[in-house]
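Each remark here refers to the structure printed beneath this line.
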Ligand SMILES: [Zn+2]
């Protein structure tokens, strides 16, 4: 059996090669189940039995500077992992659960953080319209969508279009995942008392041109962000709603006056991440299906009797690029809401007439282009 350190290195290396965003070490009865999150979905990679499983968990805790004596409370840590040419920062968290500690390692900085809006999936004709609205001197610009829909990568892409040399740009992030040139990035440290609200107060005293707030999730942050937008700052943030039109009601629910939302909101991008079809299996699909069914036909009896044979046949014919999932990589689908300039609004009324593109419209386009499938759109709640 491999030494623990080497086995861990191999799991991490494999996870990076397969573009995983997280590695789960889930405590299950009798051991640990290792799973990778690839393109948003978990896939089981390996299982380790006790007592070796405990050694694996301990090793991860040592590497990420956690207290190995503490098993009853959640902990978090960081692990700068390196092996030959590969390096990455793992953000590690432990959670005491029924069968022991469950550990999740987030592999940071490897997905989307350096992409442009077009690379993220915003159709090129809409990019200049979005930027024209964002580049107005002040007001609130929001990105919304469920957790894990790629909002942060979009915020980064928006920030990168601003003139960093001539403007002062400050961001409040929880945590700072990727360093951005020309942006003063402030990490939130709630335990030390630096919350979004507190940080925003301090930032406003320095009067920057643009403020990026990682997320608006409480009354204080919402009111300060709106206040900043009203007093001549450009404010970018994310908010947890499903559709662009719901942003106003969400802010009102949090505790902002409706007229202040109408007086500051400039634009909203709502987004989802959908998996894109694997181009390699699309090319070889007919062959693959053909060979699978003929093999299955010949071996039907054997297959019924011996499950391991069917597993072997499946593995032989799996597409090496997507490991048989049929998907490789993800793209964002955007809904774009752009409002007129603040001085030129008569009565805004409903937002629906300002939707430039809905999630359904872009989703449909992607299906027509053969880049994703209807069932994938349904999985993320579009249609
Ligand atoms: Zn494939």
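The values are calculated or read from the model by the stated rules, or taken from the named source; none is laboratory data. Since we're looking at a predicted model, the values are computed, not measured. Every residue, glycine as well, gets a Cβ built from its backbone with ideal geometry; the counts of neighbours run over all protein chains shown.
Would the stretch 192-200 turn up any residue that is surrounded by fewer than 16 Cβ atoms within 10 Å (Cβ to Cβ) and in a helix (DSSP H, G or I)? Before the answer, list the steps.
Going through the stretch 192-200, the residues surrounded by fewer than 16 Cβ atoms within 10 Å (Cβ to Cβ) turn out to be 192-193.
Filter once more, so that each one left must be in a helix (DSSP H, G or I): 192.
Yes; the residues of the stretch 192-200 include at least one that is surrounded by fewer than 16 Cβ atoms within 10 Å (Cβ to Cβ) and in a helix (DSSP H, G or I).
Which one of these is under 21 Å from the mean Cα position of the chain (by Cα) and more than 19 Å from residue 351 (Cα to Cα): 214, 232, 199? Spell out how you get there, then give the answer.
Working: 232 fails: under 21 Å from the mean Cα position of the chain (by Cα); 199 fails: under 21 Å from the mean Cα position of the chain (by Cα).
The match here is 214.
For the stretch 154-169, give me each residue that is free of Cβ contacts under 8 Å to residues at least 60 places away in the same chain and either within 30 Å of residue 42 (Cβ to Cβ) or crowded, with 23+ Cβ neighbours inside 10 Å (or both).
Those that are free of Cβ contacts under 8 Å to residues at least 60 places away in the same chain and either within 30 Å of residue 42 (Cβ to Cβ) or crowded, with 23+ Cβ neighbours inside 10 Å (or both): 156, 157.
Of all residues in the stretch 321-336, which are assigned to a loop (DSSP other than H, G, I, E, B) and at negative phi?
From the stretch 321-336, those assigned to a loop (DSSP other than H, G, I, E, B) are 321-326; that's our starting set.
Answer for the stretch 321-336, where residues must be assigned to a loop (DSSP other than H, G, I, E, B) and at negative phi: 321, 322, 325.
From the list 7, 20, pick out the single residue that is touching a residue at least 40 places away in the same chain (Cβ under 8 Å), more than 30 Å from residue 276 (Cβ to Cβ) and surrounded by 15 or more Cβ atoms within 10 Å (Cβ to Cβ).
Exactly one of 7, 20 is touching a residue at least 40 places away in the same chain (Cβ under 8 Å), more than 30 Å from residue 276 (Cβ to Cβ) and surrounded by 15 or more Cβ atoms within 10 Å (Cβ to Cβ), namely 7.
Against the conditions (1) farther than 28 Å from residue 343 by Cβ; (2) at pLDDT below 95; (3) surrounded by 15 or more Cβ atoms within 10 Å (Cβ to Cβ), where does residue 145 fall short? Just the number, please.
Looking at each condition in turn, residue 145 falls short on (2).
Need the failing condition index for residue 149 against (1) in contact with a strand residue (DSSP E or B) (Cβ under 6 Å, 6 or more places away or on another chain); (2) assigned to a loop (DSSP other than H, G, I, E, B); (3) more than 22 Å from residue 330 (Cβ to Cβ), just the number.
Status for residue 149: all satisfied but (3).
If residue 232 satisfies every condition in (1) within 29 Å of residue 356 (Cβ to Cβ); (2) in contact with a helix residue (DSSP H, G or I) (Cβ under 7 Å, 6 or more places away or on another chain) but one, which is the exception?
Looking at each condition in turn, residue 232 falls short on (2).
Here's the yes/no breakdown for (1) within 16 Å of the ligand (Cβ to nearest atom); (2) surrounded by fewer than 17 Cβ atoms within 10 Å (Cβ to Cβ); (3) farther than 25 Å from residue 174 by Cα; (4) at pLDDT below 95:
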| position | (1), (2), (3), (4) |
| --- | --- |
| 234 | no, no, no, no |
| 250 | no, no, no, no |
| 267 | no, no, no, no |
| 279 | yes, yes, yes, yes |
| 292 | yes, yes, yes, yes |
| 308 | no, yes, yes, yes |
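List the strands (runs of 3 or more DSSP E) that sit entirely inside the stretch 61-141 and contain at least 1 residues that are at pLDDT 95 or above, under 19 Å from the mean Cα position of the chain (by Cα) and over 30 Å from residue 362 (Cα atoms). Can you show your working first?
Details: elements: 75-83, 86-97, 100-107.
Fully inside the stretch 61-141 and qualifying: 86-97, 100-107.
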